[in-house]
């Protein structure tokens with residue numbers, strides 16, 4: 001049985017996506033940022049409490065499978081964002097905001113909110129982070145779950161081939 005490859009949003013697409021948010025939609029912007037730059041799931045974005053934010057990391061409590069993990073605080077995080085936690089929008093509302101922005105930005109219609117998290121993992125792979133570290137940041141119990149991101153970038157394999165021959 002073949003496994004579908006994750007649909008990972010790319011950095012330039014993320015910037016375009018965020019540019020399509022209405023100025024007052026700060027909660028959605030924060031959720032998008034947390035998913036793309038910290039690898040949080042939509043439910044983890046929604047449930048994040050201000051006290052979980054530390055100087056340069058986020059303590060994710062009771063994530064999927066009731067597991068705790070530590071992830072990096074987004075580099076573009078601003079102090080005022082902590083004051084807007086917890087996010088009051090519903091998960092469904094955040095997902096709708098995402099879908100609307102994808103349409104406005106004319107991005108891949110197969111993208112879902114979870115594509116932000118996939119983008120986080122894919123960027124880490126592309127930048128050479130060890131798979132075991134990515135597994136820890138993503139909160140995967142099994143390395144094979146993390147390993148799917150190595151297959152999501154077939155162009156990398158082709159480039160490696162080109163470099164060898």
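Of all residues in region 64-78, which are in contact with a helix residue (DSSP H, G or I) (Cβ under 6 Å, 6 or more places away or on another chain) and over 14 Å from residue 135 (Cα atoms)?
The answer is 74, and nothing else.
Please go through region 1-34 and pick out each residue that is part of a loop (DSSP other than H, G, I, E, B) and over 14 Å from residue 121 (Cα atoms).
If the condition is that a residue be part of a loop (DSSP other than H, G, I, E, B) and over 14 Å from residue 121 (Cα atoms), then 1, 2, 3, 4, 20, 21, 22, 23, 24, 25 are the ones that fit.
Looking at residue 124, is it modelled with pLDDT of 95 or more and within 16 Å of the chain's Cα centre (by Cα)?
So residue 124 does not fit the description; no.
Taking residue 6 as meeting all but one of (1) over 26 Å from residue 61 (Cβ atoms); (2) at pLDDT below 95, write down the number of the exception.
If we test residue 6 against (1) over 26 Å from residue 61 (Cβ atoms); (2) at pLDDT below 95, just (1) comes out false.
Anything in region 88-119 that is part of a helix (DSSP H, G or I) and touching a helix residue (DSSP H, G or I) at 6+ places or on another chain (Cβ under 6 Å)? List them, or say none.
91, 94, 97, 101, 105, 116, 117, 119
The values are calculated or read from the model by the stated rules, or taken from the named source; none is laboratory data. What you see is a predicted model; the values in this text were computed from it and never measured. Counting neighbours? That spans all protein chains shown, and the Cβs are built from the backbone with ideal geometry, glycine included.
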